[in-house]
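The values are calculated or read from the model by the stated rules, or taken from the named source; none is laboratory data. Given the structure is predicted, the values throughout are model-derived calculations rather than measurements. Cβ: placed from backbone, ideal geometry, glycine included. Neighbour counts: every protein chain shown. Ligands, DNA and RNA are stripped out before the accessible areas are found, and what is left, the full protein with its side chains, is counted by its heavy atoms. Shrake-Rupley method; radii C 1.70, N 1.55, O 1.52, S 1.80 Å.
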Amino acid sequence: MEKNIRHQFQQYFGKEALIAAAAPGRVNLIGEHTDYNEGFVLPGAVDKKICVAIAKNEEQKINMYASQYQNKFSFGTNELHPVKGWATYLLGMIYFLQKHNSDIGGIDILIDGDVPVGAGMSSSAAICSAFGFGLNELFHWNNSRMELALTGQKTEHEFASVKCGIMDQFASLHGKKGHVMKLDCRSLDYSYIPFDFPDYKIVLVNTLVSHSLAGSEYNTRRQQCEEGIATLQKYFPNIFSLRDVTSEQLESHKTSLSEVVYRRCHFIIHENMRLLQGCELLGKGNIHAFGKLMYASHDGLSREYEVSCEESDFLVENARSFAGVVGSRQMGGGFGGCTINIIKNDQVENFNRHIRSVYEREFDKTPEIYITQIEEGAHLIL
Ligand code: GLA
């Protein structure tokens, strides 16, 4: 796809693209819903990506075509407002990037990709990142990768009504082959940690339950965390987000919080602790202990944060009892999408066969399985 994006552009628009760029989806090993609580996350960019090709036009039009969906839109350059579907991400990126840089006039855009939509692998962040990266190069704006990530996040907030954190856009733009990234979502400092386990594979199992973050419970979770903070701040004026709250502080004021808000806060505080511990374990090469933290993360996501679903719980339970799987949990925003599993190489095939057959029997559909490599983040396609 990367190889033929320019060719596709030429075929569709009948002229040469001026620039082409790609940006990947991501996995997240541990640290879910911690980003908008100013905690830590541990994502890596993957070998599924969105590609875009762009050229200027003289018509003051933004013409876009997504070959994946065989679906096209055309907007005037003064029509930069939220719309339904994938086009909104392109319009949002143009709107915010123009505001901070310069006007771009009319452009033609072709987009293609293989990041599954609604699978918790950040297809929308990959669209924003690939497109933003391409525009930045085409118009010589010199925005940093982090600025582009923040613009992607703003687009998600304002053009898709999802009050997401920064993990997905960050990962798509900063990915490094063979490495995961420990990102401090408050300071935006990050470090690369080698994911150097040649005997293991990262395997994603897609429930095919498509999660829609917009209008879903995602924004509610964020509000519940904010509610928790507002209450705890009365007792501890020096805390600004759940990242600052210790487990002792939470317990000492448990009765001041509603039962639901307490559970949400409990999950976030412990998930952040699991992440910090997990990074140490990865550093020591202890993948087995890391895997146990993944299971604990899933239990919290399912019971405390309540962002799992029957299908994800089923997949994780089946992984738990399968020899060769060291860890498994639901990944991403939740309510479906993929589980992430770390599996011994020689068991991957058996696991895939097993999980397909039990899932089919239970839910009458075949899950998609992706054996994932950790790859580079956004880049130009020459
Ligand atoms: C979605 C959001 C991210 C993050 C995850 C959950 O992917 O876009 O910012 O909150 O959910 O960890």
Among (1) in a helix (DSSP H, G or I); (2) in contact with a Lys or Arg (Cβ under 7 Å, 6 or more places away or on another chain), the one test that residue 136 misses: (2)
Search result, residues across segment 106-127 that are open to solvent by 20 Å² or more (accessible area, probe 1.4 Å) and without any contact (Cβ under 8 Å) to a residue 60 or more places away in the chain: 124
Search result, residues across segment 4-36 that are of a type in the set (Asp, Glu) and within 16 Å of the ligand (Cβ to nearest atom): 32, 35
Residue within segment 48-63 that is within 16 Å of the ligand (Cβ to nearest atom), over 14 Å from residue 130 (Cα atoms) and not in a loop (DSSP other than H, G, I, E, B) present: no
Exclusive hit being within 16 Å of the ligand (Cβ to nearest atom) and open to solvent by less than 50 Å² (accessible area, probe 1.4 Å), set 77, 88: 88
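Please verify whether segment 166-176 includes one or more residues that are within 22 Å of residue 243 (Cα to Cα), within 12 Å of the ligand (Cβ to nearest atom) and surrounded by fewer than 24 Cβ atoms within 10 Å (Cβ to Cβ).
For segment 166-176, residues within 22 Å of residue 243 (Cα to Cα), within 12 Å of the ligand (Cβ to nearest atom) and surrounded by fewer than 24 Cβ atoms within 10 Å (Cβ to Cβ): present.
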Subset of segment 185-242 [within 14 Å of the ligand (Cβ to nearest atom), touching a helix residue (DSSP H, G or I) at 6+ places or on another chain (Cβ under 7 Å) and in the same structural domain as residue 282 (by TED's automatic domain parsing)]: 221, 222, 224, 225, 241, 242
For residue 152: the one exception among (1) open to solvent by less than 40 Å² (accessible area, probe 1.4 Å); (2) within 14 Å of the ligand (Cβ to nearest atom); (3) at positive phi: (3)
Qualifying residue in segment 319-331 (condition: touching a Pro at 6+ places or on another chain (Cβ under 9 Å), over 21 Å from residue 222 (Cβ atoms) and either open to solvent by 10 Å² or more (accessible area, probe 1.4 Å) or modelled with pLDDT of 95 or more (or both)): no
Residues located in segment 88-130, provided they are of a type outside the set (A, V, I, L, M) and in a loop (DSSP other than H, G, I, E, B): 101, 102, 103, 105, 114, 116, 118, 120, 122
Test: residue in segment 239-248 that is at pLDDT 95 or above and under 30 Å from residue 198 (Cα atoms): no
Unique match (being among the hydrophobic types (A, V, I, L, M, F, W, C), outside the structural domain of residue 39 (by TED's automatic domain parsing) and modelled with pLDDT under 95) among 335, 267: 335
Hits in segment 305-318 - residues which are part of a helix (DSSP H, G or I) and either open to solvent by 10 Å² or more (accessible area, probe 1.4 Å) or not polar (S, T, N, Q) (or both): 310, 311, 313, 314, 315, 316, 317, 318
Residue satisfying all of: in segment 358-374; open to solvent by 50 Å² or more (accessible area, probe 1.4 Å) and in a helix (DSSP H, G or I); nearest to residue 198 (Cα to Cα) among these: 360
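So that you can scan it fast, the table gives a plain yes or no per residue for (1) open to solvent by 30 Å² or more (accessible area, probe 1.4 Å); (2) part of a helix (DSSP H, G or I); (3) out of contact with any Asp or Glu (no Cβ under 7 Å at 6 or more places or on another chain):
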| position | (1), (2), (3) |
| --- | --- |
| 198 | yes, no, yes |
| 202 | no, no, yes |
| 219 | yes, yes, yes |
| 263 | yes, yes, no |
| 267 | no, yes, no |
| 271 | no, yes, no |
| 293 | no, yes, yes |
| 303 | yes, yes, yes |
Residue count for segment 1-36, restricted to those that are open to solvent by less than 10 Å² (accessible area, probe 1.4 Å) and part of a helix (DSSP H, G or I): 2
